Amino acid sequence: MSTEQPMPAPADASASTDPVEQVIRYHVQTKHHYNRYARSLGFLDWVNQPDPFRRFEGAELIPLPLLTADEEPASPLYKAIYESGAVLSQPVTIRTISRFLEFALALSAWKKAGDSEWALRMNPSSGNLHPTEGYVVLPEMVGLELKPGLYHYAPKEHGLELRAEFPAERVAHLLSPFPEGAFLFGLTSVHWREAWKYGERAFRYCNHDVGHAIGTGRIAAATLGWNMVLMDGLDQNTVAVLLGTNRTEDFADAEPEHPDCLAVVWPQAFRRQSSSANRLESKEMPLFLDSAVVKEVAGGRWYGTANRLSREHGVHWDVIDEAAEASWKIQAEKLAVSVRAGSLPSSDSFHASQTTNSSGPSAGQIIRQRRSAVAFDGRTSITAAMFFQMLQKVMPCAEQGQLYRPMPWDVWPYDPAVHLMLFVHRVDGLTPGLYFLVRDRRKSPFIQQSMNPEINWVATPGCPEDLPLFWLLEGDARQLAAQVSCRQDIAGDSAFSFGMLAEFEGGLRGRGAWWYPRLFWESGLLGQVLYLEAEAADVRATGIGCFFDDPVHEIVAVKGMALQSLYHFTIGGPVEDRRLQTLPPYGHVKRIS
């Protein structure tokens, strides 16, 4: 099989060079239809299956402590991470960085069947192919015991590879607009890892996984009492310079990495209070970096060359490169976010949250046990109260007339643009049928006007007042849910399933083509929240990337491309495959105390 053989473009491909038209064309071209699927190789080329672990040869690997569940920093209760001020903020040390990266991107287990073994990770991934790579930019800090610089996270070894040494004073200058102890968390994608299996639709899945990883990173930070927000005022060239993905010499014989995003993580709230009535104040924090300072910082010494993941690439999917280029964010924006100020919660309040409200699993337990279900039993139901609680976790909430975003939605600096069309099968107290959750009540008129005008939007009986959940149609939706999800039984055998419908064409034309990946990021973040909620409810979830796009829209007669389904998801009682053996995640690594 020849290397890098291009696939021919479809005969109806447009010659438009407008970036928005290009990403819309990509989206339309990669839809699945009843009579044909989006293009892929058509079989799995096992000889050239990509290595799931990227390493940089010549870069020093610094092993991180392999901490048991009981070691400090101890994990708070799962429900405590959603309570503002309930978790004591930990200092940034080698141990807390280890725990942060463990909960965000580390291995969760190995599975074994016969002679085959494969790793599972904390962050979900389409097909368990893991295109997402993680990085941290660390300043000089007492107790961290690491040189200031850029590090690549190696999940198999649970270690940090030193990619570049940055002068301490320059890193300090770069991070000076942020709270004390702040560091940067970056994500990139290796598109080939997904394209190997999924062909031209892979760009969608890579961006789902970026969203998953934004979610795991934010939730990992919350277990340490840390904050995190996406720095989406950055242009993508600046992200590339800081993460080193623009260094073609370091990827000369290897698959490139696409620079997706940077987030800032910090260990405590701003310590400011109002002098009047002791009220909490807020401070504006930038969501961008000075590109000139970034270039100065990145001018230091770099280490390592990327490993090649596949011996050969049977097909190179040009359409993915075109979509990535069209959606490249060229323009920087001076975005800022208002960060609520105030004193840190005391250790007394932290321990109170652990003792007076001590029932329930720890956050670490829920994060570690998360799995993607491969089948559902077709019997398990959940209560309406549990169903409503899950949906409330994906909502922003109002506070004193302002749109305040609870964890993990405080990581996301945009209003919700993705909504849920739900197929309810087995929710005790709810009539089976089709429902719709509008994640921003202000969008209700637009959502309703974008669909069949004959649909009757009825408030769901028994639903909490703060949850804009509407009952659209009554009836058994199990067969329909499975049919539009590429005829997969998991969508009908669950307690409920749903499609994530994004405000599509209007957002792209209003913001630009760079908005396209972010719709998938928001979808992946939604999925990560519900993955953990399912585990906490003693059921299981799985994401569904394969669905028939337009037949989903036809269910509610979506007008044009006002809304588009980007991701499907399903939650229910799992059927475990007893043939598989589960092994510990780091049994192959000598534990470091």
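Please give the length that would be gained between GLN369 and CYS546 if that part of the chain were fully extended, namely 0.36 nm times their separation in residues minus their C-alpha to C-alpha distance (nm, one decimal).
Result for the pair: 61.3 nm of gain on full extension.
Do any of LYS197/LYS443; LYS112/LYS197; LYS329/LYS443; LYS295/LYS334 go past 28 Å between their Cα atoms, and which?
LYS197/LYS443, as the Cα separations exceed 28 Å there.
Return the percentage of antiparallel bridges among DSSP beta bridges fully within segment 371-572, rounded to the nearest 5 %.
Values: 35 of 38 bridges.
DSSP beta bridges in segment 371-572 are roughly 90 percent antiparallel.
Per residue of the chain, what 222 nm ellipticity follows from adding -39500 (n - 2.57) for every DSSP H run with n ≥ 4, rounded to the nearest 500?
Working: 16 runs with 157 residues, N = 593.
Estimated from H runs of four or more residues: -7500 deg cm²/dmol.
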Tail beyond 32 Å, pair distance distribution of the chain (Cα, percent): 45 percent
Global form of segment 81-189, assessed from the alpha-carbon gyration tensor, a/c cut-off 1.5: prolate
Quotient of Cα Rg and 2.2 N^0.38 Å for segment 371-572, N being how many residues it contains: 0.95
GluC sites (Glu not before Pro) within segment 433-530, DSSP loop, no more than 11 other Cβ atoms inside 10 Å: GLU454, GLU465
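Rg over Rh of segment 518-567, using C-alpha atoms and the Kirkwood radius, what does it come to? Walk me through the numbers on the way to the answer.
Details: Rg = 13.3 Å, Rh = 12.4 Å.
Using only Cα positions, Rg/Rh for segment 518-567 is 1.07.
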Antiparallel %, DSSP beta bridges [both residues in the chain], to 5: 95 percent
Cys residues of the chain counted as unpaired, since no other Cys beta-carbon is under 4.7 Å: CYS206, CYS261, CYS397, CYS463
Label-point separation, ASN237 to HIS173 (7 Å along Cα→Cβ), nm: 2.0 nm
HIS316 versus GLU465: modelled label distance in nm, points set 7 Å from Cα along the beta carbon direction: 6.1 nm
Contour minus Cα-Cα distance for ASP18 and LYS112 (0.36 nm per residue): 29.1 nm
Helix runs (DSSP H) in the chain reaching 27 Å along axis by Cα, Kyte-Doolittle at least -1.0: 202-222, 515-536
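Evaluated at 10 °C with a viscosity of 1.306 mPa s, what Stokes-Einstein diffusion coefficient in µm²/s does segment 175-220 have when Rh comes from the Kirkwood expression over alpha-carbon pairs?
Working: Rh = 12.5 Å.
D = 128 µm²/s.
With a cap of 15 neighbouring Cβ atoms within 10 Å, and only residues DSSP puts in a loop, list the trypsin sites (Lys or Arg not before Pro) found in segment 437-500. Don't skip to the end; give the middle numbers.
Details: sites: ARG439, ARG441, ARG442, LYS443, ARG478, ARG487; in loops: ARG439, ARG487.
Hits after loop and neighbour filter: ARG487.
Here, each number is a calculation from the coordinates, and none is a lab measurement. Bear in mind that the values here come from a model prediction, so they are computed numbers and not experimental data. In this analysis, Cβ positions are derived from the backbone assuming ideal geometry, glycine residues included, and neighbour counts consider all displayed protein chains.
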